[in-house]
Amino acid sequence: MLLILQGDAELWAIVLLSLRVSLMAVLISAVIGMPLGAALAVSRFPGRRGVIVLVNALMGLPPVVVGLLVYLMLSRSGPLGVLQLLYTPTAMIIAQVVLVTPIVAALTRQVIEMLAEEYSEQLRSLGVSRLASVPTLLWDARLALVTALLAGFGRAIAEVGAVIIVGGNINHVTRVMTTTIALETSRGNLALALALGAILIGIAVAVNALVSAVSLRAEHEGLTHA
Amino acid sequence: MRDLSAETRIGLEALGLRIGRNGGTLLDVPRLVFDGPGPTLILGPNGAGKSLLLRCLHGLIKPDAGQVRQDGAPLGPAQKARQAMVFQQPVLLRRSVAGNLDFVLRRRGMVRATRKDRIAALLAEGGLSDKARQSARSLSGGEAQRLAILRALATEPDILFLDEPTSALDPAATLAIERMVLRASAQGVRIVMVSHDIGQARRLAADAAMMQGGRVVEHGPASEVLETPKSEAARRYLAGGLIL
Amino acid sequence: MVGIRIRTLLMALGLMAGGAQAEEAYIVLQSTTSTQNSGLLDHILPGFEAETGIDVRVVAVGTGQAIRNARNGDGDVLLVHAREAEEKFVADGWGVERFDVMYNDFVLVGPKSDPAKVGGGTDIVAALKAIAQATAPFVSRGDDSGTHKAELRQWKEADIDVAAASGGWYRETGSGMGATLNVASGMEAYVLTDRATWIAFGNKGNLEILVEGDPRLFNQYGVILVNPEKHPGVRAAAGQRFIDWLLGEVGQGAIASFRLDGQQLFFPNAR
């Protein structure tokens, strides 16, 4: 069975699409979620506590619900139907961004809040205002933030409920690993579904190992950028 | 370089500073002036309000009443920019040793080439040249505090506050820090340093302030305060300190 | 908040994806799991795509959902098997016209142990009565699909109220045919399935065909072009071209030539 999997160009196209969609989604989520989480960590405004509770709660958004909402937005009879994004990888990226951004924002908020507390007096002593400290805090928390992104990536790549609705599991267009697993399971090809699952787990392990290696090396080299 | 004559040293004055909490008084300093030529040491037992006073002088804590004047002007952003502070526990950025200095120099708008030279000079001054690319978080306690002082000096402050910078260090590391402090003082930086080490006060202080219960009970030339204290509180503290 | 965020994103993403899309010739075919899971579409579509250069993007869901998606304008052509619903779709103006494409049939599948003793029969209604009598486990799609509707018609004919037995011996999965077959295989239950999905299904376990050949188990597929007057975004020309091809000699021949385990699964019957 593994022999069948090895030479299969179609399978690798599916794996690559999965990676492309989820990496793109994590990238966009990072650009939105990190500054948002950091700003939430350092700012003080009425209702801040409530916003934090909300963002934390959004971490657990059910993928199927997100898929349905994004479907309703992107459907031709929906408000954004003219963009014709439904059943495209872009639609899947959008759904995953909605899923992953709260994870990135909430974890960033936690990490940055702890670091901001440690740095608070020192940065104020150096004349850095709360909001101006955000880039410094993000940079100094980079290792912890990579872990946050990893958590987001894990959620994105393993998720099936949202992408199957907005992507449609269209062969060669929007078929990713998880939707293929769902399809092969429904075809009763349990062995093939399991093999795909093994690849999915393998990717998760590889990405984790890579990040851990990078962070170890960064630690070793003293994280210089001067 | 800076003019080394004592007269150009920036003066610092606290007027009617008061901080209270739950009806009690944490800090009550009607008037305190630092205008002498050498380092000022603030002494006193734990909870005397030394660190609190230092934070008020540096503008990190806003007092309930009173004000701080620097060179005759109330403490504002321009005045704070002329100050720097070193904390008891050095707070180093999660970057290289050089990166910690670069952070400050970059904020001051220095171009890359200038920064590089300045960093090299500072590291040499602190004996950290061989650790430039090492992670700042991996330094020993003494090295970390030296780096914190170098980073504070990189802002070229007129006033340097130090809050018990050597309390967790061994004698050799303490000596290295004291040398850096004296060198900075000799270069015209006003030093205001909190300590509870009377030996350190004898080695460094030109003038000394003794605090107790949020009040400055005595302030004057170090020789007077440390050798012939007028207040009962200072006498008791020095006696206790000598036993230690 | 989320809405605003999506909107902002779309501005950027829309620009990225929009340009590339407009040049591609493709249609979205809303179809059912039976045509995809059996492998029929994988067999016939490459021929059409090679001939016309039009890519057919298949969204395979239950008939009920396929019809709803098409009504939202999220498809150009509908290929499903629930005649009444299809005719209503056209009558309501959502579709242009309905054409017969092909048929296959449903079979009653169940455990080899056959606790209701229905094996070898050809009368689906009698078999269902026996299953209800024995309160033997029966798994239903329960998802408003074509197969589900066909199953419910037979229960009605047998005069058995399955709603009352729901959760008892009558289990509704609310899932596709394959997922439902997996459930039936796991709990050794009776299940009504289209023959194509059954033959292609790889996890048969202890199940086998028990009742087949009843004319009431006839399963007709229809094809409909989504009405461009309702949804101007419908790729009507390409969609019509696909329908013409499917109903024409080449398409019908391709359907007839699809074999699995040496068996013909779909029988073209376009007029």
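Quick notes on this structure:
- Among B:M85, B:A113, B:L162 - extreme Cα towards positive end, dipole of chain B, charges at beta-carbon: B:A113
- Cross-link pairs beyond the 19 Å C-alpha cut-off, checked among C:K156/C:K204; C:K129/C:K156; C:K112/C:K204; C:K88/C:K230: C:K156/C:K204
- Options C:G262, B:G126, B:G24, ranked by Cα towards positive dipole end of the protein assembly as shown, top entry (Cβ charges): B:G24
- Rg to Rh, two decimals, where the range B:20-67 supplies the alpha carbon set and Rh follows Kirkwood: 0.97
- Hypothetical label at A:V146: residues of the range A:190-213 whose amide nitrogen lies under 11 Å (7 Å Cα-Cβ projection): A:208-213
- Of all DSSP beta bridges in the protein assembly as shown, antiparallel share, percent nearest 5: 60 percent
- Computed from the Cβ-Cβ distance with R0 of 60 Å, the FRET efficiency linking C:D100 to A:S129 stands at 0.25.
- Förster-model FRET efficiency, 51 Å R0, B:L15 and A:I201, C-beta, rounded to 0.05: 0.15
- Contour excess over end-to-end distance, with Cα ends at C:A237 and C:T135 and 0.36 nm allotted per residue: 31.5 nm
- Put a dot 7 Å past the Cα of B:E227, heading toward its Cβ, do the same for A:W12, and the two dots end up 8.6 nm apart.
- Separation of the C:A163 and B:A120 label points, Cα + 7 Å toward Cβ, nm: 8.8 nm
- Overall, the range A:2-220 carries a charge dipole of about 460 debye about its Cα centre when +1 sits on the Cβ of Lys and Arg and -1 on the Cβ of Asp and Glu, all other atoms neutral.
- Magnitude of the charge dipole, the range B:93-138, Cβ model with Lys/Arg +1 and Asp/Glu -1, debye to 20: 300 debye
- Once the Cα atoms are used to define both axes, helix C:2-23 deviates from the longest principal axis of chain C by about 70 degrees.
- Förster-model FRET efficiency, 56 Å R0, A:L190 and B:A78, C-beta, rounded to 0.05: 0.15
- Long-range amide H partners of B:M85 with built H, under 5 Å: B:F161
- Cβ-based net charge around A:L190, under 15 Å, with every Lys or Arg adding one and every Asp or Glu removing one: +1
- Gyration tensor over the Cα atoms of the range A:73-125: the corresponding equivalent ellipsoid has semi-axes (square roots of 5 times the eigenvalues, largest first) of 40, 10, 8 Å.
- Between A:V42, A:V82, A:V26, the residue with the greatest mean-square fluctuation in the GNM of chain A (Cα pairs under 10 Å linked by springs) is A:V82.
- Selection from A:V97, A:M59, A:Q122, by position along the positive dipole direction of the range A:59-133 (Cβ): A:V97
- Cα-based helix-to-principal-axis angle, B:97-107 vs chain B, degrees rounded to 10: 80 degrees
- Between C:V234, C:V107, C:V250, the Gaussian network model of chain C with springs among Cα atoms under 10 angstrom shows the greatest mean-square fluctuation at C:V250.
- Gyration tensor (alpha-carbon) shape descriptor, the range C:105-217, a/c threshold 1.5: rounded
- Residues of the range C:203-219 with amide N under 15 Å of a point placed 7 Å along Cα→Cβ from C:N269: C:213-219
- The calculated 222 nm mean residue ellipticity attributable to helices in chain C amounts to -13500 deg cm²/dmol, summing -39500 (n - 2.57) over DSSP H runs of n ≥ 4 and dividing by all residues.
- Among A:Y119, A:Y71, A:Y87, the largest mean-square fluctuation in a Gaussian network model of chain A, built with springs joining Cα atoms closer than 10 Å, belongs to A:Y119.
- Judged by the gyration tensor of its Cα atoms, with axes a ≥ b ≥ c, chain A is oblate; a/c meets the 1.5 cut and b/c is at least as large as a/b.
- Once the Cα atoms are used to define both axes, helix B:171-186 deviates from the longest principal axis of chain B by about 90 degrees.
- About its Cα centre, the dipole of the protein assembly as shown is roughly 3020 debye, where the only charges are +1 on Lys and Arg Cβ and -1 on Asp and Glu Cβ.
- Mean Kyte hydropathy of 0.0 or more with a Cα span along the axis of at least 30 Å, helices from DSSP in chain A: A:9-42, A:89-125, A:190-220
- For B:A65 and B:R183, the difference between the fully extended length at 0.36 nm per residue and the C-alpha to C-alpha distance is 39.0 nm.
Computed from the coordinates by the stated procedures, all read-outs in this text should not be read as laboratory data. For clarity, every value in this text was computed on a predicted model and none was experimentally measured. Cβ: placed from backbone, ideal geometry, glycine included. Neighbour counts: every protein chain shown.
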